[in-house]
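Worksheet: the structure to be examined is printed underneath.
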Amino acid sequence: MSKSEKESRALQRRRMRAGRLLLRGVPQAEVARRVAVTRTTVSTWNEQLESGGLDALKRRRRGRPSGLDAQQKSELVRWLKEGALVQGFATELWTLPRVGQLIEEKFGRRYSESQVWRILVGLGFSSQRPTSRALERDEAAIRRWKRVRWPALKKTPQDKGASSSSSTSRD
């Protein structure tokens, strides 16, 4: 269980304890003190309690649901495990835009990169780095670029004797 899940469950226990105290008629200020939250929080919980009972205080998932059902998620996992090349990409590297493109092509749903990331984390995937350098890497071309092109691109001061444009300059 992750740290955020533990914290979420602890908060739910506090909400439920507060709800039971409120139902017994304990004043909101005392409930806030006992469960270590602000009076405003207890007031919000009390409104929820009055409108929906203890069920209204139960934990709810935050954020929008992914919109993919269990079948679609299992298909997505299968396609990801088959590899990016099999899915028609030029290299084996899965990126968030590529996964988003795959989801859009297969399911007709478009997601931002952050939502794609949430879907992947929910499926048990994590960020990975390649263990080796790309096979296509051209070491000679890299050395040549560093020796010839990079110095030409580097910014160098043109004329050190030119006056400053700073308003704080004494010139």
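The values are calculated or read from the model by the stated rules, or taken from the named source; none is laboratory data. No experiment lies behind these values; they were computed from the predicted model shown. In this analysis, Cβ positions are derived from the backbone assuming ideal geometry, glycine residues included, and neighbour counts consider all displayed protein chains.
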Residue 88 passes all but one of (1) loosely packed, with under 11 Cβ neighbours inside 10 Å; (2) closer than 23 Å to residue 7 by Cβ; which number fails? (2)
When only residues in the range 91-135 that are touching an Asp or Glu at 6+ places or on another chain (Cβ under 8 Å) and of a type in the set (Lys, Arg) count, which is surrounded by the fewest Cβ atoms within 10 Å (Cβ to Cβ)? 110
Have a look at 93, 135, 102 and point out the one that is modelled with pLDDT of 90 or more and outside the structural domain of residue 12 (by TED's automatic domain parsing). 102
Test result for residue 118, modelled with pLDDT under 90 and either part of a loop (DSSP other than H, G, I, E, B) or farther than 28 Å from residue 5 by Cβ (or both): no
Tally time: how many residues in the range 70-115 are part of a loop (DSSP other than H, G, I, E, B), over 26 Å from residue 137 (Cβ atoms) and among the hydroxyl-bearing types (Ser, Thr, Tyr)? 2
